[in-house]
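Have a look at the structure below before the remarks.
The values are calculated or read from the model by the stated rules, or taken from the named source; none is laboratory data. Everything numeric in this text was worked out from a predicted model, so none of it was measured. With ideal geometry, Cβ positions are generated from the backbone for all residues, glycine too; neighbour counts draw on all protein chains shown. The protein model used for the area step is the full one, side chains on, heavy atoms only, and it has no ligands, DNA or RNA in it. Shrake-Rupley method; radii C 1.70, N 1.55, O 1.52, S 1.80 Å.
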Amino acid sequence: VQLQASGGGLVQAGGSLRISCAASGSIFSINVMGWARQAPGKQRELVATISSGGNTGYADSVKGRFTISRDNAKNTVYLQMNSLKPEDTAVYYCKAVTHSDSYWGQGTLVTVSS
């Protein structure tokens, strides 16, 4: 499984941004996809997940502001981020989980200015 993330950038606090992750390869084996983020000097934090059946989960820090979705026809998962805060600044990584492995894409940087 290969994952290609895109869509990061600079946004002002209170603004919105959508990042995308396109999957390729053995996509039929993917059970769960998600987004994690890592801010400078901090551990990587899983912020949102979506199962193949569409069930979603969110970290408390983003609940109500972020929405994860997937387009199965495009093999792409999205993270819509609203009401962004400076503390949301991080490199965001896409993750895919199969029954036996997990895969990470390259990160995309999201910077929220105050």
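Yes/no matrix, rows are residues, columns are (1) of a type outside the set (Phe, Trp, Tyr); (2) exposed (fewer than 14 other Cβ atoms within 10 Å of the Cβ):
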residue	(1), (2)
5	yes, no
12	yes, yes
24	yes, yes
33	yes, no
38	yes, no
53	yes, yes
58	no, no
Over the range 13-32, the set of residues under 12 Å from residue 88 (Cβ atoms) and part of a strand (DSSP E or B) is 17, 19
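If the requirement is being open to solvent by 50 Å² or more (accessible area, probe 1.4 Å), touching a residue at least 40 places away in the same chain (Cβ under 8 Å) and under 19 Å from residue 3 (Cα atoms), which of these qualifies: 79, 46?
46
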How many residues, within the range 40-64, are in a loop (DSSP other than H, G, I, E, B) and either polar (S, T, N, Q) or out of contact with any helix residue (DSSP H, G or I) (no Cβ under 8 Å at 6 or more places or on another chain) (or both)?
-> 14
For residue 114, the lone unmet condition from (1) modelled with pLDDT of 95 or more; (2) open to solvent by 50 Å² or more (accessible area, probe 1.4 Å) is (1)
Count - residues of the range 90-114 that are touching a Phe, Trp or Tyr at 6+ places or on another chain (Cβ under 9 Å), over 18 Å from residue 62 (Cβ atoms) and not in a strand (DSSP E or B) | 2
